[in-house]
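Novice: Input: one structure, supplied below.
The values are calculated or read from the model by the stated rules, or taken from the named source; none is laboratory data. Here the structure is a predicted model, which is why all the values come from computation and not from measurement. Cβ placement follows ideal geometry from the backbone for every residue including glycine, while neighbour counts extend to all protein chains displayed.
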Amino acid sequence: MRVTAGRYKGRELEYPRTGLRPTQQTEPWLPGLKHAETGVQSAAVVIWAVGANEEQLRDACAGFQKLLAEAPGRSPVLITDVADFAFFSRLGWLVEYVPALSPPASDYRERKQCYLAWRYRDAPALPVSLGLRRNVRIEDLLID
C-alpha cells in the first residue's frame, strides 16, 4: 500500500521526505495541582511575595488560607523568593520560585518575572501584605 502524504509511526505523523512533524496542540494552563483539592475550572489568584521575609510570608499565607476558604473556585499561585519549600508543599499551592542570583545569572530573575507576568496576565494579583490584614473579605479584594 502506498502512502503519499505521510504515515503514522506510533502516535506521531511523520513526513518522510521533509523530516517535519505537525505541531502538537498545547493543553490549557491549569493553575491547580494534581494533589490539591481544586477543580479543573478553578481560576488563579496570584500572591506576590517577592521581597517578603520568611516569618512575614508564613503569617500572610495563613491569612490567605482563611481568605481563600471563602472562594472555593480559586487556586492560589504564590510568587516568592523565599526558599521554604517544606512549608510551601504543606500549603498545597502552586509556588513560583524567583531566586536572586549572582551576576553571571542575575538576569534570570527579570526574565522569569516577565514570563510569570505573561503566564498569569488574566489573574488577579494581590500583594503579600493583604494576607496580614484582618477583617478583610475576598470579595472586596478580587475584581473580575
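Novice: Answer yes or no as to whether Ala71 is assigned to a loop (DSSP other than H, G, I, E, B) and either more than 15 Å from Glu54 (Cα to Cα) or of a type in the set (Ser, Thr, Tyr) (or both). Explain how you work it out, then say what you get.
Specialist: Numbers: assigned to a loop (DSSP other than H, G, I, E, B): yes; either more than 15 Å from Glu54 (Cα to Cα) or of a type in the set (Ser, Thr, Tyr) (or both): yes.
Yes; evaluated as a whole, the condition is true for this residue.
Novice: Then there's this: Do we find that Ala83 is of a type outside the set (S, T, N, Q) and touching a helix residue (DSSP H, G or I) at 6+ places or on another chain (Cβ under 7 Å) in this structure?
Specialist: no
Novice: Is the stretch 124-132 home to any residue that is closer than 22 Å to Cys61 by Cα, surrounded by 10 or more Cβ atoms within 10 Å (Cβ to Cβ), modelled with pLDDT under 85 and among the hydrophobic types (A, V, I, L, M, F, W, C)?
Specialist: No: zero hits.
Novice: What residue, of Val77, Val82, is modelled with pLDDT of 85 or more and part of a strand (DSSP E or B)?
Specialist: Being modelled with pLDDT of 85 or more and part of a strand (DSSP E or B) holds for just one of Val77, Val82, which is Val77.
Novice: In the stretch 63-87, what residues are crowded, with 19+ Cβ neighbours inside 10 Å, more than 15 Å from Leu142 (Cβ to Cβ) and of a type in the set (A, V, I, L, M, F, W, C)?
Specialist: Leu78, Ile79, Val82
Novice: Looking only at the stretch 88-113, filter to residues that are within 15 Å of the chain's Cα centre (by Cα) and in a loop (DSSP other than H, G, I, E, B); which one of those is surrounded by the most Cβ atoms within 10 Å (Cβ to Cβ)?
Specialist: Step by step, filter the stretch 88-113, then rank; the result is Trp93.
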